[in-house]
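Note sheet for the following structure.
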């Protein structure tokens, strides 16, 4: 069954390029970006894994752990990592899950037979510290992912969790946010949004980003 937003994601124990991982224990109190790759030694995947390694400090600022997955085994991963580090000029600083038995791929519905037969598609799962699924993306095999967009989404999700705001179209960090419709009490509005707000419409109220 496909995972839906708000579902508790399934736990698993699986080998990886950095040793065996029990997902819940490894994730701990962090957010997780779990992203899958069709197979090792593929060109687009190589660039993606390098891009994520370069964003390590950005993920750490947000309390996020990246976790890649490919259907090949650990030995194959170790060889591929050498190529990634050589061609992308990075040190691969996060694990790649090995999934030759397709256990994790099946748990997370990463195999779409009409697209890639028995290989994983380019899936992305953003998972919060409560192990709840907060976002999914599905890309075709030919299209590399935009990891700056994933950081933007994580910023938005974390703002919503802490400050009762949503983010409008094309929002970037530092721009005005939207007050969630559930907050209507004037005193609560004043307490939560001391910077004030602009009521464009009764249901569209813009406020400066609370943590800036």
Handout entry: Criterion violated by residue 205 - all others in (1) in a loop (DSSP other than H, G, I, E, B); (2) modelled with pLDDT of 95 or more; (3) farther than 18 Å from residue 67 by Cα satisfied
Key = (1)
Fill in the blank from the handout: The residue from 198, 146, 170 that alone is surrounded by fewer than 16 Cβ atoms within 10 Å (Cβ to Cβ) and on the phi > 0 side of the Ramachandran plot is 170
Handout entry: Residue list for region 7-47, restricted to those being buried (at least 18 other Cβ atoms within 10 Å of the Cβ) and within 17 Å of residue 154 (Cβ to Cβ)
Key = 9, 27, 31, 32, 33, 34, 35
Handout entry: Within region 113-140, considering residues that are buried (at least 17 other Cβ atoms within 10 Å of the Cβ) and assigned to a loop (DSSP other than H, G, I, E, B), the one modelled with the lowest pLDDT
Key = 119
Exercise for the section: Answer yes or no: is there a residue in region 73-90 that is surrounded by 20 or more Cβ atoms within 10 Å (Cβ to Cβ) and not in a helix (DSSP H, G or I). Expected result: no
Completion exercise
Selection from region 101-112 of residues in a loop (DSSP other than H, G, I, E, B) and at pLDDT below 90 yields 101, 102, 109, 110, 112
Handout entry: All positions within region 11-31 that are in contact with a helix residue (DSSP H, G or I) (Cβ under 8 Å, 6 or more places away or on another chain) and not in a loop (DSSP other than H, G, I, E, B)
Key = 13, 14, 16, 17, 31
Fill in the blank from the handout: residue 140 vs (1) over 15 Å from the mean Cα position of the chain (by Cα); (2) over 21 Å from residue 49 (Cα atoms): all pass except (2)
Problem - Out of 97, 107, sole residue that is under 20 Å from residue 26 (Cα atoms), touching a residue at least 24 places away in the same chain (Cβ under 8 Å) and surrounded by fewer than 18 Cβ atoms within 10 Å (Cβ to Cβ) - result: 107
Practice task
Could you please give the count of residues in region 32-51 that are over 17 Å from residue 138 (Cα atoms) and either in contact with a helix residue (DSSP H, G or I) (Cβ under 6 Å, 6 or more places away or on another chain) or in a loop (DSSP other than H, G, I, E, B) (or both)?
Solution key: 6
Problem - Within region 143-159, considering residues that are out of contact with any helix residue (DSSP H, G or I) (no Cβ under 7 Å at 6 or more places or on another chain) and part of a loop (DSSP other than H, G, I, E, B), the one nearest to residue 57 (Cα to Cα) - result: 146
Problem - Subset of region 160-179 (residues that are under 12 Å from residue 210 (Cβ atoms), part of a loop (DSSP other than H, G, I, E, B) and in contact with a strand residue (DSSP E or B) (Cβ under 6 Å, 6 or more places away or on another chain)) - result: 167, 176
Exercise for the section: Could you tell me whether any residue of region 158-171 is under 30 Å from residue 24 (Cβ atoms) and in contact (Cβ under 8 Å) with a residue 60 or more places away in the chain? Expected result: yes
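The values are calculated or read from the model by the stated rules, or taken from the named source; none is laboratory data. Keep in mind that what you see is a predicted model, and the values were worked out from it rather than measured. Heads up, the Cβs are rebuilt from the backbone with ideal geometry, glycines too, and the neighbour counts pull from every protein chain shown.
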